[in-house]
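The values are calculated or read from the model by the stated rules, or taken from the named source; none is laboratory data. In this text the structure is predicted, and so the values were computed from the model without any measurement. Quick reminder, even Gly has a Cβ in these numbers, built from the backbone with ideal geometry, and neighbours come from all protein chains shown.
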Amino acid sequence: MAGKLKDLVYAITGVDLDFDKISTDINAQMAIASLLAVAANSDGSIDSVETQKMADVLRKRFDLTSAVAVDLVKRAIDDLSAGDASRRLFDELNERLTVKQKDDLLLMVLEVIAADGEKEAREMALLDQTVMALNISDRQLSKIYDRYFEARRNN
């Protein structure tokens, strides 16, 4: 119940009441790295720019060392199987993440998709699949895009 209340407060006010337990939850971090690997691979391959971007967003988001972030990415890529992201992965992410964390995850996915400078139809389809699977509303998605473009303007 407390999680739903935190999600409601975040959805209405944008204030995150969560103390971000995910920063110490290696299973949640691995699930996120797996989704980022799926996003990077959605165009058929994962290049070094996408690999570096995955490590960078994980390092920044979870305050990880570079070595730990690279290890998460390597494990995610090694575990990546051909085909679409599994329902089980989305179920795990839905179970573990708050609304705020889902917003942050979508932001990371956008960064990885944009890393190689190309946006292919399969990448956009995966983004749509992720939005649907994580129950991201149009309003939330609009805010995520605003954050994404604001960060790009500031870089």
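Hey, any hits in the range 73-93 for a residue that's touching a residue at least 40 places away in the same chain (Cβ under 8 Å), in contact with an Asp or Glu (Cβ under 7 Å, 6 or more places away or on another chain) and within 27 Å of T24 (Cα to Cα)? No: the range 73-93 contains no residue that is touching a residue at least 40 places away in the same chain (Cβ under 8 Å), in contact with an Asp or Glu (Cβ under 7 Å, 6 or more places away or on another chain) and within 27 Å of T24 (Cα to Cα). Pairs are defined by a Cβ separation below 9 Å, a sequence spacing of at least 6 or placement on different chains, a first member in the range 132-155 that is loosely packed, with under 10 Cβ neighbours inside 10 Å, and a second member that is of a type in the set (G, A, S); the pairs so defined are R139/A11. Could you tell me whether the range 14-22 includes any residue that is at pLDDT 65 or above, in a helix (DSSP H, G or I), over 19 Å from Q140 (Cα atoms) and not hydrophobic (A, V, I, L, M, F, W, C)? The answer is no, given that none of the residues of the range 14-22 is at pLDDT 65 or above, in a helix (DSSP H, G or I), over 19 Å from Q140 (Cα atoms) and not hydrophobic (A, V, I, L, M, F, W, C). One residue stands out among those in the range 118-131 that are touching a residue at least 40 places away in the same chain (Cβ under 8 Å) and farther than 20 Å from V99 by Cα: the one that is surrounded by the fewest Cβ atoms within 10 Å (Cβ to Cβ), which is E118.
The residue that is surrounded by the most Cβ atoms within 10 Å (Cβ to Cβ), counting only those in the range 35-85 that are of a type in the set (D, E) and more than 24 Å from Q129 (Cα to Cα), is D71.
From the list L36, L64, L72, pick out the single residue that is in contact with a Leu (Cβ under 7 Å, 6 or more places away or on another chain) and part of a helix (DSSP H, G or I).
Numbers: L36 fails: in contact with a Leu (Cβ under 7 Å, 6 or more places away or on another chain); L64 fails: part of a helix (DSSP H, G or I).
Selected residue: L72, the only one of L36, L64, L72 that is in contact with a Leu (Cβ under 7 Å, 6 or more places away or on another chain) and part of a helix (DSSP H, G or I).
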